[in-house]
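Novice: Can you keep this structure in mind? I'll have questions shortly.
The values are calculated or read from the model by the stated rules, or taken from the named source; none is laboratory data. Bear in mind the structure is a predicted one, so any value in this text is a computation, not a measurement. Cβ sites come from the backbone with ideal geometry, for glycine too, and all protein chains shown count toward neighbours. Side chains are part of the model used for accessible areas, which takes the heavy atoms of the whole protein and leaves out ligands, DNA and RNA. Shrake-Rupley method; radii C 1.70, N 1.55, O 1.52, S 1.80 Å.
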Amino acid sequence: MSKFSRFMKANKVVKKNEMYAATKSLCDENGEALKWEFKHITTKEDEKLRDECTTEVQVKGKPNLYRPRLNTGQYIKKMIAASVVMPDLLNAELQDSYGVKEPEDLLLAMVDDPGEYNDLAAFVQKFQGFNVSFEERVEEAKN
């Protein structure tokens, strides 16, 4: 038996999907908010999302010196969209019904209440393992 046997992939706990009512404006026949299904994303998928939402900005007064800037709103929106299993945000018929073509735009069209969207963002961040929201981290870094 290898001293690394406990670290083998076969011993890795599989993270289960979770259900969450993202908005009260989409209900079943009994008036109950529809539950959406969310999956965990991998660290590799998260890194790809971060890269897509990061730009290089020039440091003031320092020519040829740049620093990365993460567009946190865009990143959180992409993370939520990547986490959604059901409804299928890539479904053309669903996108057409809202007049959008991108999963992130469909997400914003379906959850169009800012308070509900904030709650959804907090749920997804916690579900993905972030115990403190990015907004809280930004505020903490400012102080």
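Novice: Kindly provide the set of residues from the stretch 23-55 that are small (Gly, Ala, Ser) and open to solvent by less than 60 Å² (accessible area, probe 1.4 Å), ordered by number.
Specialist: Listed by number, the residues that qualify are GLY31, ALA33.
Novice: Right, next: Check the stretch 17-38 and report whether any residue there is in contact (Cβ under 8 Å) with a residue 60 or more places away in the chain and part of a helix (DSSP H, G or I).
Specialist: Checked against the condition, which is being in contact (Cβ under 8 Å) with a residue 60 or more places away in the chain and part of a helix (DSSP H, G or I), the stretch 17-38 yields no hits at all.
Novice: Working only within the stretch 71-98, note down all residues that are of a type in the set (A, V, I, L, M) and loosely packed, with under 15 Cβ neighbours inside 10 Å.
Specialist: Scanning the stretch 71-98 gives VAL85, MET86, LEU90, ALA92.
Novice: Pairs please, first residue from the stretch 90-114 and in a helix (DSSP H, G or I), second anywhere and among the aromatic types (Phe, Trp, Tyr), Cβ atoms under 6 Å, 6+ apart in sequence or on different chains.
Specialist: LEU106/TYR98; ALA109/TYR98
Novice: Is it fair to say ALA121 is modelled with pLDDT of 95 or more, buried (at least 18 other Cβ atoms within 10 Å of the Cβ), among the aliphatic types (A, V, I, L, M) and in a helix (DSSP H, G or I)?
Specialist: Answer is yes for this residue.
Novice: Which condition breaks for VAL57 when tested against (1) touching a Phe, Trp or Tyr at 6+ places or on another chain (Cβ under 7 Å); (2) within 20 Å of SER25 (Cβ to Cβ); (3) not charged (D, E, K, R)?
Specialist: So VAL57 meets the others, but not (2).
Novice: Sticking with this structure for a sec: Of all residues in the stretch 39-89, which are in contact (Cβ under 8 Å) with a residue 12 or more places away in the chain, among the charged types (D, E, K, R) and outside any strand (DSSP E or B)?
Specialist: Once the filter is applied, which keeps residues that are in contact (Cβ under 8 Å) with a residue 12 or more places away in the chain, among the charged types (D, E, K, R) and outside any strand (DSSP E or B), the stretch 39-89 yields LYS39, GLU45, ASP46, ARG50, GLU52, LYS77, LYS78.
Novice: For the stretch 1-22, what are the residues that are modelled with pLDDT under 95 and either open to solvent by less than 50 Å² (accessible area, probe 1.4 Å) or of a type in the set (A, V, I, L, M) (or both)?
Specialist: MET1, SER5, MET8, ALA10, VAL13, VAL14
Novice: Of all residues in the stretch 130-143 being part of a loop (DSSP other than H, G, I, E, B) and either touching a Leu at 6+ places or on another chain (Cβ under 6 Å) or open to solvent by 50 Å² or more (accessible area, probe 1.4 Å) (or both), which is modelled with the highest pLDDT?
Specialist: Within the stretch 130-143, the match that is modelled with the highest pLDDT is ASN131.
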